[in-house]
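Here's the structure, in structure tokens; my notes come after.
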Amino acid sequence: QVQLVESGGGLVQAGGSLRLSCAASGRIFSINTMGWYRQVPGNARELVAAITSGGSRNYADSVKGRFTISRDNAKNTVYLQMNSLKPEDTAVYYCRLQAATGRYWGQGTQVTVSS
């Protein structure tokens, strides 16, 4: 099995920054995609950013230019640097790992941006 543990959420003022981390452990297939999703109550979970083990990235239009996703393959860890945060970025952020063995989710971390 694969376990994902997120950290780095919290409360920040609009315009501020936060960095999320997600560490994966367990039986991890080397070729995989790790990503961040977010969800607010009543809405579907949406993709924020994703990165393949080869380094290809994609972002939601709403975060392009403000968020940066990166990963450390040696540590099986993915990061999300969030700058210029807006109140509409408030959500629970979930880490996801997708590989040939399956799709795995973290427990989520709350990000709250005050205006």
Please tell me if Asn73 is out of contact with any strand residue (DSSP E or B) (no Cβ under 8 Å at 6 or more places or on another chain), open to solvent by 40 Å² or more (accessible area, probe 1.4 Å) and touching a residue at least 12 places away in the same chain (Cβ under 8 Å). yes
Kindly provide the set of residues from region 25-49 that are farther than 14 Å from Ser70 by Cα, in contact with a strand residue (DSSP E or B) (Cβ under 7 Å, 6 or more places away or on another chain) and among the small types (Gly, Ala, Ser), ordered by number. Ser25, Gly26
Looking at (1) surrounded by 15 or more Cβ atoms within 10 Å (Cβ to Cβ); (2) at pLDDT below 95; (3) among the hydrophobic types (A, V, I, L, M, F, W, C), find the lone condition where Leu20 falls short. (2)
Selection from region 31-61 of residues that are touching a residue at least 24 places away in the same chain (Cβ under 8 Å) and loosely packed, with under 15 Cβ neighbours inside 10 Å: Ile31, Gln39, Val40
Would you check if Arg66 is in contact with a Leu (Cβ under 9 Å, 6 or more places away or on another chain), within 15 Å of Thr109 (Cβ to Cβ) and surrounded by fewer than 16 Cβ atoms within 10 Å (Cβ to Cβ)? no
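The values are calculated or read from the model by the stated rules, or taken from the named source; none is laboratory data. The structure presented is a predicted model; accordingly, all values stated were derived computationally and were not measured. So basically every Cβ, Gly included, is an ideal-geometry build from the backbone, and we count neighbours across all protein chains shown. All accessible areas refer to the heavy atoms of the entire protein, side chains included, with ligands and DNA or RNA removed. Shrake-Rupley method; radii C 1.70, N 1.55, O 1.52, S 1.80 Å.
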